[in-house]
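All remarks here apply to the structure that follows.
The values are calculated or read from the model by the stated rules, or taken from the named source; none is laboratory data. Given the structure is predicted, the values throughout are model-derived calculations rather than measurements. Glycine also receives a Cβ, built like all others from the backbone with ideal geometry; neighbour counts cover every protein chain displayed.
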Amino acid sequence: MTKEEARKRIEELRELINYHNYRYYVLNDPVISDAEYDELFRELQKLEEQFPELITPDSPTQRVGAPVQEGFKPVRHTIPMLSLQDARNEDEIRDFDARVKRFLGLPMDEKIEYAAEPKYDGLSCEIVYRYGVLEVASTRGDGFTGEDVTPNVKTIKTVPLRLIKNPDVPIPTYIEVRGEVLMPKKEFEKLNKELIAKGEKPFANPRNAASGSLRQLDPSVTASRPLDFVAWGVGAVEGLSFKTHDEVLKALGKLGFKTANPTVVTKGIEEIIEFYKELEEKRDEFEYELDGVVIKVNDMELWERLGTTARSPRYAIAAKFKPRQKTTRIIDVVYQVGRTGTITPVAVLEPVEVGGVIVSRASLHNFDEVERLGVMIGDKVLVQRAGDVIPDVVKVIKEERTGKERPITPPKECPVCGAEVVREGAYYKCVNASCPAKLVQALKHMGSRRALDIEGLGEKTARLLVEKGLVKDLADVFYLKKEQLLQLPGFAEKSAQNLLDAIERAKNSPLARFIYALGIPNVGEYTAGVLAEKFKSWDKLAKATYDQLISIKGIGGETAKSIVSFFKEERNLKMLEKMFAAGVKPQSIEEAPEESPFKGKTVVFTGALSSMTRDEAKALVEKLGGKVSNSVSRKTDFVVVGENPGSKYQRAMQLGIKMINEEEFLKMLREAGVSIT
Ligand code: IVH
């Protein structure tokens, strides 16, 4: 590239970056993903490195972040809050390690001690404590000056208002604690549901939710939002000193903060890379959104020697995970029919790699969502992937419309069977009870891990079974023959036998799973568990009345209605009969009376009983929820002493275990409702 070409591109990039900064920080409404922004930024950085004479003081690379917004008092940071350079893969992490050594003049085979911890995707914040008392809290702002958000930060429960006195770390006279304000992922989802219910705009991700909640002029709004603070470092400190970064985190923990966790400290970069890979794999399991791992030289004396560039320190790097958001275009919208007949609009996308997976479809959920997003076919959209689920469309980039976009129209008929559709709330539903699409989904549901756990009965097989006419209702699965399976594409002797074995095992599933597997509308895993617990056996559940159901805690009117109508439907009853005839036998829950004096008790018998045999007595105790043991121990609750007791009697005396005679034992049985003559 010539210098002239570089100058042109640099100008273009600066203008773009400034625009996206404005969208992000001022409007809180970005139109590209973070990764795409980073891409632009890195390109500009690279060009400026190549042609340093083209750097100007107003280049976006020369400042760190967001300007202070109107309404907040500015707070100047004693030590600038810089940002970190990124590494996007293992090689770039090794490059960082090499850079550190080169800068320190160390040989390449030297092993530097590094500390690593999660990079939290939140809003960075600095909290100042003087003599242990919270004085002022500020956002990062542009890195030099942030916004005074003290009253808001004080509402966060995990921010100590006073540092905690402890024997290991003295309270410093002055300390600036730095960390991330975060909203836990679960709370974020809950908040969004509430916002949608109130007709307000939901947040795009937990970070925006944290930022929007903290930067409120009215701190009572902040107080109502479930925010957390996790500390990852310090700014200026007086009256306390640290040698290493991991000492800093430990001290902050003792002073009362939640600190970055998990952490590792190792010699050399390779183990840090392992940590990075492990965390990326487990990122969905964490309470907060993580977008990478921060790697820091552990020895803080080296920090001084390494120094900083204009924008970021040389002692640390942010090793980013693969981005989960990307922009792409909607080529078309298709309709998917679920097991209850619900028709879901699904966007067909120009394929794009998101977080290491090629994505070509995203769910639009329902028509309320289509309306809320204002999405059209042909739109450029931001898609997001979380865990293994089908990606979502987060927002539409309306600025990029060309006028050729087409509206998404609701289906006029079921895309699979052509039957009529009706609108129910936000959803369109196929009215045809025997729509093959419903059966495929119902089969897939019945076979799923948390239902009957029939390995091999996934969507593909379910579709084949329905298409070939081998399965016309759920019960048919239990009549499948090996010869039939062998006719299906992809099935061989072994896979057919495995599927049949899995079906055989499924016949004796626990009651709760069986109930869940039937796919009764409104009966999810939780409700199925409640029903099993309450009714204990299938026969009792099948006879339950609306009033009985509604009186159960956790079961509402809608659910009760749908259970009753499930058992009224002739087709369902026939299907169940057919299942039971094939040997399906859901496992009942053993009954133990609520008020049994034997419930959870361990009982030992010694000597002969005159009213019954030992075996009869044992069976009764077990039926009443107790356990019978052959020897006396400290765990024994009481000993029933009959005639001519043996050594167990002595032992019970020694241990001071409660003893009762036959008369008292019979009395307890009567109390538990056993009739004894
Ligand atoms: S250390 C000089 N540690 O990531 C900056 N930062 O671009 C030292 N962040 O603005 C930052 N988790 O808001 C550090 N464990 C962590 C972090 C972390 C999240 C944020 C922080 C910073 C940005 C770096």
Where a residue in region 503-517 is under 13 Å from L457 (Cβ atoms) and its partner, wherever it lies, is small (G, A, S) and surrounded by 21 or more Cβ atoms within 10 Å (Cβ to Cβ), with Cβ under 7 Å and at least six apart: A517/A451
Whichever residue in region 101-151 is among the aromatic types (F, W, Y) and within 24 Å of W303 (Cα to Cα) and, among such residues, is surrounded by the most Cβ atoms within 10 Å (Cβ to Cβ): Y114
Test: residue in region 253-263 that is crowded, with 18+ Cβ neighbours inside 10 Å and away from the ligand (no atom under 15 Å from the Cβ): yes
Filter result for the condition that a residue is of a type in the set (S, T, N, Q) and in contact (Cβ under 8 Å) with a residue 60 or more places away in the chain, over S83, S59: S83
Region 221-232 - residue that is without any contact (Cβ under 8 Å) to a residue 60 or more places away in the chain and surrounded by fewer than 21 Cβ atoms within 10 Å (Cβ to Cβ) and, of those, nearest to L163 (Cα to Cα): P226
Complete set of residues in region 509-532 that are surrounded by fewer than 19 Cβ atoms within 10 Å (Cβ to Cβ), within 21 Å of K438 (Cα to Cα) and under 23 Å from the mean Cα position of the chain (by Cα): N522, G524, E525
When residues of region 119-161 are limited to those that are over 29 Å from the mean Cα position of the chain (by Cα), within 11 Å of L214 (Cα to Cα) and among the β-branched types (V, I, T), the one farthest from the ligand (Cβ to nearest atom): T150
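One line per residue, one yes/no per condition, for (1) in a loop (DSSP other than H, G, I, E, B); (2) of a type in the set (D, E); (3) closer than 20 Å to G656 by Cα:
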position: F605; (1), (2), (3): no, no, yes
position: S611; (1), (2), (3): yes, no, no
position: E616; (1), (2), (3): no, yes, no
position: A619; (1), (2), (3): no, no, no
position: E622; (1), (2), (3): no, yes, no
position: G625; (1), (2), (3): yes, no, no
position: V628; (1), (2), (3): no, no, yes
position: S631; (1), (2), (3): yes, no, yes
position: T636; (1), (2), (3): yes, no, yes
Within region 517-531, tally of residues that are out of contact with any Gly (no Cβ under 9 Å at 6 or more places or on another chain), among the hydrophobic types (A, V, I, L, M, F, W, C) and under 21 Å from L443 (Cβ atoms): 4
Region 10-20 - residue that is surrounded by 15 or more Cβ atoms within 10 Å (Cβ to Cβ) and not β-branched (V, I, T) and, of those, modelled with the lowest pLDDT: H20
Residue selected from region 76-118 under the condition away from the ligand (no atom under 16 Å from the Cβ) and part of a strand (DSSP E or B), by the criterion farthest from the chain's Cα centre (by Cα): R76
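Counting only residues that are among the small types (G, A, S) and touching a strand residue (DSSP E or B) at 6+ places or on another chain (Cβ under 8 Å), which one in region 140-198 is nearest to A251 (Cα to Cα)? Outline the logic, then answer.
We begin by selecting, within region 140-198, every residue among the small types (G, A, S); these are 141, 143, 146, 179, 197.
Now narrow it down to the ones that are touching a strand residue (DSSP E or B) at 6+ places or on another chain (Cβ under 8 Å): 141, 146, 179.
Numbers: G141: 26, G146: 25, G179: 14 Å.
Step by step, filter region 140-198, then rank; the result is G179.
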Selection from region 351-405 of residues that are free of Cβ contacts under 8 Å to residues at least 40 places away in the same chain and under 11 Å from K326 (Cβ atoms): P351, V352, E353, V354, G355, V357, I358, V359, A362, P391
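For every residue, the table says whether it meets (1) crowded, with 21+ Cβ neighbours inside 10 Å; (2) β-branched (V, I, T); (3) within 17 Å of D121 (Cβ to Cβ); (4) within 16 Å of the ligand (Cβ to nearest atom).
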residue	(1), (2), (3), (4)
R178	no, no, yes, yes
M183	yes, no, yes, yes
K186	no, no, yes, no
G199	no, no, no, no
P206	yes, no, yes, yes
G212	no, no, yes, no
Q216	no, no, no, no
P219	no, no, no, no
Sole residue being modelled with pLDDT under 90, in a loop (DSSP other than H, G, I, E, B) and farther than 17 Å from V230 by Cβ, chosen from D142, D168: D142
Single residue of region 532-574 satisfying the filter (within 30 Å of K472 (Cβ to Cβ), assigned to a loop (DSSP other than H, G, I, E, B) and small (G, A, S)) that is modelled with the highest pLDDT: A544
